[in-house]
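Worksheet for the structure shown next.
The values are calculated or read from the model by the stated rules, or taken from the named source; none is laboratory data. Computed from a prediction, not measured in an experiment: that's the story for all the values here. Positions of Cβ are generated from backbone atoms using ideal geometry, with glycine treated the same way; all protein chains shown enter the neighbour counts.
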Amino acid sequence: MKNFIYILIIITLSSCLKEEEPIQPVDRGGVQIGGIDVNNNADYSKQIYYDIEQNNVVRTIDRTTWDLGFESTPTGMNVITNTSCQITVSKTGKTDFADVTDLNALTLNYKWDDASGNPDSLALRDWIISGTPTNEVFVINRGDTPGLTSRGFKKIKIISVNATEFVIEYANINGSNFQRKTITKNSNKNYTAFSFDGAGSIVEIEPDATDWDIVFTQYTATFYELTPQLIYSVNGILINNKECKGVKVFDKEFSSISISDIGNYTLTDSANVIGFDWKLYDFDEATYAVVPGKNFIIQSKSGDFYKMRMIDFYSSTGLKGSPRFEFEKL
């Protein structure tokens with residue numbers, strides 16, 4: 001059997017013991033089956049938002065319907081990109097749109113959002129430094145559709161931000177279709193989403209921040225151990241890292257994980273704490289298989305703790321792109 005290339009990352013976790021106030025056990029309700037069982041995501045074209053507590057899908061969208069997300073808290077300044085389309089961004093060193101008309105004449109170094117969601121690892125983080133907009137022109141490669149058709153390029157400046165809105169300017173690389181847009185922050189969301197399609201518009205993408213825990217999605221993973229670093233489009237699970245936390249638990253059997261274990265692990269708000277490498281691809285059989293022994297503890301948006309393990313990547317009719325899992329409230 002051939003090696004599993006780039007699909008399985010072995011992550012070594014260091015667990016630390018810390019003093020915690022005792023957490024009282026509750027009625028766990030037994031092990032439940034969750035996840036998605038759909039027949040229309042074999043091309044990974046959907047982003048599917050999920051509520052663990054209610055054990056149901058909250059919203060399903062086509063992943064190409066947005067490009068950027070603008071942090072929606074009053075103090076929010078971060079701008080994220082839709083890495084499900086493999087969007088990448090490059091600084092240009094220019095502050096005038098007129099100086100950015102030929103990509104071949106520029107030295108571009110494309111960056112992408114790290115799947116952790118860490119603000120320090122966002123491709124557009126340098127639009128503002130120490131609270132002051134840099135006025136830099138960025139080039140955005142909008143990535144590909146599920147059918148691998150290019151979505152094109154834009155040049156953009158993020159002009160300003162305050163408690164209620166962002167202001168942006170953007171155009172095609174040749175300067176056509178210039179737009180100046182005000183992005184009014186939707187305070188119910190983690191991020192207010194925007195699409196470059198047509199004349200550009202705010203679009204309804206993620207559910208309200210307190211209505212979902214995880215999202216099944218394609219996203220861009222970074223393989224830091226390779227030189228040069230490799231980005232690869234993967235299909236997995238990201239947590240709502242503004243409301244939830246999680247931790248990998250690979251050193252215990254799923255059945256033995258209990259509420260008393262919470263204090264033995266450090267939960268993180270890294271969005272990709274569940275990620276994609278709970279499965280591997282068999283190139284000989286051309287199928288995915290779930291890796292045994294990869295368990296997780298998830299703290300939901302309501303503060304409750306759940307243990308989880310993945311059990312399948314296929315729907316009941318055998319189509320890929322439909323992850324399913326077992327979970328139990330601790």
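Restricting to the range 268-286, and then to whatever is outside any loop (DSSP other than H, G, I, E, B) and touching a residue at least 60 places away in the same chain (Cβ under 8 Å), can you tell me which residue is surrounded by the fewest Cβ atoms within 10 Å (Cβ to Cβ)?
Selected residue: ASP282.
Would you mind finding the one in GLN218, GLN229, GLN179 that is over 27 Å from GLU326 (Cβ atoms) and in the same structural domain as ASN272 (by TED's automatic domain parsing)?
When all the criteria are applied, what remains is GLN229.
Quick one: SER315 ticks every box in (1) farther than 18 Å from ILE33 by Cβ; (2) among the small types (Gly, Ala, Ser); (3) in contact with an Asp or Glu (Cβ under 9 Å, 6 or more places away or on another chain) except a single one, so which number is it?
(1)
Among the residues of the range 90-97, are any basic (Lys, Arg), under 29 Å from PHE223 (Cα atoms) and assigned to a strand (DSSP E or B)?
Taking every residue of the range 90-97 in turn, at least one turns out to be basic (Lys, Arg), under 29 Å from PHE223 (Cα atoms) and assigned to a strand (DSSP E or B).
Taking SER187 as the residue in question, decide whether it is surrounded by fewer than 19 Cβ atoms within 10 Å (Cβ to Cβ), modelled with pLDDT under 95 and among the polar types (S, T, N, Q).
No.
Would you check which residues across the range 98-140 are part of a loop (DSSP other than H, G, I, E, B) and under 30 Å from GLY246 (Cβ atoms) and list them?
Passing the criteria: TYR110, TRP112, ASP113, ASP114, ALA115, SER116, GLY117, ASN118, LEU122, ALA123, LEU124.
Working only within the range 248-263, note down all residues that are surrounded by 17 or more Cβ atoms within 10 Å (Cβ to Cβ) and outside any loop (DSSP other than H, G, I, E, B).
Result: LYS248, VAL249, PHE254, ILE259, ASP261, ILE262.
How many of the residues in the range 212-247 are in a loop (DSSP other than H, G, I, E, B) and basic (Lys, Arg)?
So the answer is 1.
Looking only at the range 294-330, count every residue that is part of a strand (DSSP E or B) and within 15 Å of GLY236 (Cα to Cα) and tell me the total.
Residues in the range 294-330 being part of a strand (DSSP E or B) and within 15 Å of GLY236 (Cα to Cα): 15 in total.
Would you check if there is a residue in the range 194-204 being buried (at least 18 other Cβ atoms within 10 Å of the Cβ), touching a residue at least 12 places away in the same chain (Cβ under 8 Å) and outside any strand (DSSP E or B)?
yes
Condition test on GLU53, is it modelled with pLDDT under 75 and either part of a strand (DSSP E or B) or among the acidic types (Asp, Glu) (or both)?
No.
Give me the pairs, please: first residue somewhere in the range 254-267 and under 22 Å from VAL291 (Cβ atoms), second residue anywhere and of a type in the set (D, E, K, R) and surrounded by 16 or more Cβ atoms within 10 Å (Cβ to Cβ), beta-carbon distance under 6 Å, and either six or more positions apart or on two chains.
PHE254/ARG309; ILE257/LYS307; LEU267/LYS245
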